[in-house]
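Novice: Submitted below is the structure of interest, expressed as structure tokens.
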């Protein structure tokens, strides 16, 4: 270090000045390095914080995206539910209308059923329907409004009885003799004073009468043809039934409406004859055809009559309703 002589001022030497300057520079550099170090740490911290915030932002953005997706999905579900609710409202409205229609139909059907039940109960005895409508059970008998007299049924005391008259031409007569009186006296030689007549009416059951026809067979000496005698009408088959038994069968079937099985049983029990329903039906058909000419004459006579009585009667044939129509006068019926 040097000192000026004139002014006694202390002046540093050039070397000292440089060293000092270097020191100052080193100190400044050191300070700058410290400062830069702090700045670098701050920058590092800021970068770390920035990265962390970027991650947070990315996470929040993903969360926001997920939430938006969830909200969108829920909105779609809500829209679907709203549409479903609208559809259900429409369906319920349609069902309510259907229920009302069904209620009205039920009321109509119940009214119709009541009407039909009432019509089913109508008969000739409780309405203006003809008796031909009575195809089921017969109408119930009306109860008598007469009060009981307290008397027993049958002829009353003091009434003059009516007895069937005795026949003057009985087929059989049995004379009953009296030989002894209850007192023991003999009456064999006593004169008859009077005769008391009692008669028994009974049905005679004659056995079946079998008539045999024997037709001769002869060979012609001229042409050698075997010639057989002709049988009467109604004797075409080996076994034939006579007119009387056919009349009886027709009476039982046509007049008395006797079933086939009952007729078979009757003929078998009383006459020992077995006749099939097919044979009976054939007899009925033949008898019906024999009346064709008579029926036509009756029909023409009825058509020529100025007044005709017409009627119809319902009946069941093979489970179905048939109608029997009748035209008549006081003498003819068709």
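The values are calculated or read from the model by the stated rules, or taken from the named source; none is laboratory data. None of these values were measured; they are calculated from a predicted model. Note that each Cβ is placed from the backbone with ideal geometry, even for glycine, and that neighbours are counted across all protein chains shown.
Novice: Can you find a residue that is out of contact with any helix residue (DSSP H, G or I) (no Cβ under 9 Å at 6 or more places or on another chain), without any contact (Cβ under 8 Å) to a residue 40 or more places away in the chain and surrounded by fewer than 10 Cβ atoms within 10 Å (Cβ to Cβ) anywhere in the stretch 14-27?
Specialist: Residues of the stretch 14-27 that are out of contact with any helix residue (DSSP H, G or I) (no Cβ under 9 Å at 6 or more places or on another chain), as a first pass: 14-27.
Still in the list and also without any contact (Cβ under 8 Å) to a residue 40 or more places away in the chain: 14-27.
With surrounded by fewer than 10 Cβ atoms within 10 Å (Cβ to Cβ) added as a condition, the list becomes 14-15.
Yes; the residues of the stretch 14-27 include at least one that is out of contact with any helix residue (DSSP H, G or I) (no Cβ under 9 Å at 6 or more places or on another chain), without any contact (Cβ under 8 Å) to a residue 40 or more places away in the chain and surrounded by fewer than 10 Cβ atoms within 10 Å (Cβ to Cβ).
Novice: Could you say whether any residue in the stretch 225-246 is in contact with a strand residue (DSSP E or B) (Cβ under 6 Å, 6 or more places away or on another chain) and more than 30 Å from residue 275 (Cβ to Cβ)?
Specialist: Pass one, the stretch 225-246, residues in contact with a strand residue (DSSP E or B) (Cβ under 6 Å, 6 or more places away or on another chain): 226-228.
From the residues that got through so far, the ones that are more than 30 Å from residue 275 (Cβ to Cβ) too are 226-227.
Yes, that holds for at least one residue.
Novice: Just checking: which of the helices (runs of 4 or more DSSP H) contained wholly in the stretch 217-334 hold 2 or more residues that are closer than 23 Å to residue 203 by Cα and at pLDDT below 90? Step through it out loud before you land on a result.
Specialist: Numbers: elements: 243-250, 260-271, 277-290, 292-303.
Per the criteria, 243-250, 260-271.
A quick yes/no check of all residues on (1) out of contact with any strand residue (DSSP E or B) (no Cβ under 8 Å at 6 or more places or on another chain); (2) without any contact (Cβ under 8 Å) to a residue 40 or more places away in the chain; (3) surrounded by fewer than 10 Cβ atoms within 10 Å (Cβ to Cβ); (4) closer than 27 Å to residue 245 by Cα:
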| position | (1), (2), (3), (4) |
| --- | --- |
| 285 | yes, yes, no, yes |
| 293 | yes, yes, yes, yes |
| 300 | yes, yes, no, no |
| 307 | yes, yes, yes, no |
| 311 | no, yes, no, no |
| 316 | no, no, no, no |
| 319 | yes, yes, yes, no |
| 324 | no, yes, no, no |
